[in-house]
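For reference, the structure discussed in these notes is given below.
Laboratory data are not the source of any read-out in this text; all were calculated from the coordinates shown. Please read these numbers as outputs of a predicted model, since none were measured by experiment. FYI the Cβ positions are ideal-geometry reconstructions off the backbone, even for glycines, and counts take in every protein chain you see.
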Amino acid sequence: MEHAIASFCDWLANTPVSMVIQSVSWIIPMVQSVHIMAVTVVVGAVLAVDMKLLGVVGRGSPISAATRRFLPWIWVALVVLLLTGSILTAAEPRRELINNVFRLKMALILVVCTVTGAFQLAVSRNAAAWGDTPSNQWQARLLAIGTLAIWITIIFCGRWIAYVEHG
Amino acid sequence: MLLTIAQWLQDTAFGQWVSTSSVAFPWIESCHVLCMTTVVGTITIVDLRLLNLTSRQRTVAQVSNDMLPFTWGAFALAALTGGMLFMSKATEYVVDLPFQLKMLTMALAGINMVIFHFMVFKRVAEWDGKADTPRAAKIAAGLSLLFWATVIVCGRWIGFTVR
């Protein structure tokens with residue numbers, strides 16, 4: 001498996017697209033900047049929803065309003081992140097694909113997306129349970145603290161990809 | 001003068017530690033990214049409300065009261081961690097063009113915020129809750145988004161000029 005990934009990386013790094021990204025000096029910094037701007041959108045939206053779940057913000061307005069207002073932005077930002085992330089991976093495949101921190105980051109993204117999608121679905125099916133205060137406060141708190149912790153770890157992983165050794 | 005201060009900061013035990021330790025810089029930088037994205041993310045929410053594009057079911061005062069404490073808390077920590085990173089190679093950062101542009105753009109964002117606060121936001125009760133936000137508020141919000149996007153580009157650019 002590792003061998004196949006390594007061969008794929010070497011093939012990808014030698015494709016014309018990858019070589020263009022590698023040789024034009026402004027592409028990687030600009031794509032990384034767009035990537036970070038999309039991260040700011042996720043952070044703002046996650047913070048707004050999780051702080052509402054914890055009862056810190058949005059007094060007098062239901063949780064279901066906060067999820068309708070903010071969660072769609074997370075999905076739009078994730079599409080931008082996937083796109084820009086793919087460009088960065090195409091430029092330096094081994095730096096990402098043969099890197100344990102990158103793999104942890106991807107696994108955590110899958111987990112948090114699943115949890116967020118399930119939460120969004122649960123709220124849309126039963127908005128009454130997600131009013132100004134949640135019907136199940138402990139569930140809401142666990143969800144808020146859990147997703148915040150995962151997103152913070154994802155951001156830390158994102159920065160650490162650049163510092164750990166890769167294949 | 002500036003270079004003398006930079007040299008002194010860089011020569012402190014702390015500056016030396018950030019620059020020579022293999023883990024100090026990445027950990028502090030990760031915290032800086034987390035705080036910076038919180039600053040820009042929460043400001044974006046307020047700016048989009050000022051542009052009258054989103055959160056219209058809540059007033060501008062409600063949205064900014066909810067978000068700005070996070071903005072200020074995160075900004076303080078971003079400035080602190082940024083200062084720590086600066087100390088690692090202060091003499092190189094002060095003469096670095098992207099770093100200088102980043103500081104300049106943050107100053108512009110600050111001036112924009114002060115002008116907005118005293119000219120428009122002070123009278124928020126008069127216009128909040130109306131169908132549209134004042135033109136001056138929209139201009140301030142648009143400039144704010146532009147400045148903070150530039151800060152991000154400059155910040156990332158620094159990583160390619162100072163190594």
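May I ask you to evaluate 6.51 cos²θ - 1.76 cosθ + 1.60, the Karplus curve with θ = phi - 60°, for each residue of the stretch B:39-56 and list the ³J(HN,Hα) values in order in whole Hz, giving x for glycine and proline?
Whole-Hz 3J(HN,Hα) from phi for the stretch B:39-56: 4, 5, x, 6, 4, 4, 4, 5, 4, 5, 5, 5, 6, 6, 9, 9, 6, 5.
So for the pair B:T59, A:S23, with labels modelled 7 Å out along Cα→Cβ, what separation do we get in nm?
6.0
Per-residue HN-Hα couplings for the stretch A:26-34, Karplus 6.51 cos²θ - 1.76 cosθ + 1.60 at θ = phi - 60°, whole Hz, x for Gly and Pro?
So the Karplus estimates, Gly and Pro as x, are 7, 4, 4, x, 5, 5, 4, 5, 5 Hz.
For the residue pair B:H117 and B:W72, what label-to-label distance in nm results when each label sits 7 Å from Cα along the Cα-to-beta-carbon direction?
Placing both labels 7 Å beyond Cα along the Cβ direction yields 0.8 nm.
Name the most mobile residue of B:M119, B:M103, B:M67, meaning the one with the largest mean-square fluctuation, in a Gaussian network model of chain B with Cα contacts below 10 Å.
Between B:M119, B:M103, B:M67, it is B:M119 that shows the largest mean-square fluctuation.
What are the ³J(HN,Hα) values, in whole Hz, obtained from phi via the Karplus relation 6.51 cos²θ - 1.76 cosθ + 1.60 with θ = phi - 60°, for each residue of the stretch A:151-167 in sequence order, with x given for Gly and Pro?
5, 5, 4, 4, 5, 4, 4, x, 6, 6, 3, 6, 10, 8, 6, 10, x
Looking at the stretch A:26-122, which trypsin sites (Lys or Arg not before Pro) are DSSP coil and have at most 12 other C-beta atoms within 10 Å of their C-beta?
Taking the stretch A:26-122 and a limit of 12 other Cβ atoms within 10 Å, the loop trypsin sites (Lys or Arg not before Pro) found are A:R59.
Going by Cα centres, the stretch A:12-55 and the stretch B:101-126 are how many Å apart?
Going from one Cα centre to the other spans 27 Å.
About its Cα centre, what dipole magnitude does the stretch B:37-99 give when the only charges are +1 on Lys and Arg Cβ and -1 on Asp and Glu Cβ, stated in debye to the nearest 20?
260
Scan chain A and hand back the longest stretch that contains none of the chymotrypsin sites (Phe, Trp or Tyr not before Pro) lying in DSSP loops with at most 15 other Cβ atoms within 10 Å.
The segment A:27-162 is the longest one with no such site.
Which residue, A:V20, A:V115, A:V41, has the most motion in a Gaussian network model of chain A that connects Cα atoms within less than 10 Å?
A:V20
Residue farthest toward the positive end of the dipole of the stretch A:2-160, with Cβ of Lys/Arg at +1 and Asp/Glu at -1: which of A:V20, A:I145, A:L108?
With unit charges placed on the Cβ atoms, the residue in question is A:I145.
Which one, B:F75, B:I28, B:S64, projects farthest toward the positive side of the charge dipole computed for the stretch B:2-161 from Cβ point charges (K/R +1, D/E -1)?
Of the listed residues, the answer is B:S64.
Taking only pairs that are 8 or more places apart or on different chains, how many Lys pairs in chain B have Cα atoms under 18 angstrom apart?
4
Please sort by residue number the trypsin sites (Lys or Arg not before Pro) in the stretch B:122-156 whose DSSP state is loop and whose Cβ has at most 15 other Cβ atoms within 10 Å.
In loop regions of the stretch B:122-156 (DSSP not H, G, I, E or B), the sparsely surrounded trypsin sites (Lys or Arg not before Pro) are B:K130.
For the protein assembly as shown, what does the alpha-carbon gyration tensor say about shape, rounded, prolate or oblate, given a ≥ b ≥ c as the root eigenvalues, a/c under 1.5 as rounded, and a/b over b/c as prolate?
oblate
Which residues in the stretch B:24-44 have a backbone N closer than 18 Å to a point placed 7 Å from the Cα of B:E92 along the Cα-to-Cβ line?
B:24-30
What dipole magnitude, in Debye to the nearest 20, does the stretch A:25-167 give about its Cα centre under +1 on Lys/Arg Cβ and -1 on Asp/Glu Cβ?
220
Given charges of +1 on the Cβ of Lys and Arg and -1 on the Cβ of Asp and Glu, with all other atoms neutral, how large is the dipole of chain B about its Cα centre, in debye to the nearest 20?
Rounded to the nearest 20 debye, it is 460 debye.
Sketch the reach of a paramagnetic label on B:M1 as a point 7 Å from Cα along Cα-to-Cβ, and name the residues of the stretch B:88-109 whose backbone nitrogen lies under 18 Å away.
From the stretch B:88-109, the list is B:91, B:94-95, B:104.
I want the local charge near B:D96. Using Cβ-Cβ distances under 14 Å, sum +1 for each Lys or Arg and -1 for each Asp or Glu among the other residues.
+3
Cα centroid distance between the stretch B:129-163 and the stretch A:108-167, in Å?
27
Among A:Q22, A:Q139, A:Q32, which one shows the biggest mean-square fluctuation in a GNM of chain A, springs joining Cα atoms closer than 10 Å?
A:Q139
When Cβ neighbours within 10 Å are restricted to other protein chains, what is their mean count per residue of peptide B:40-48?
Averaged over the peptide's residues, the number is 5.
Taking R0 as 35 Å, what's the FRET efficiency between B:F14 and A:L54 from their Cβ-Cβ distance, rounded to 0.05?
About 0.50, to the nearest 0.05.
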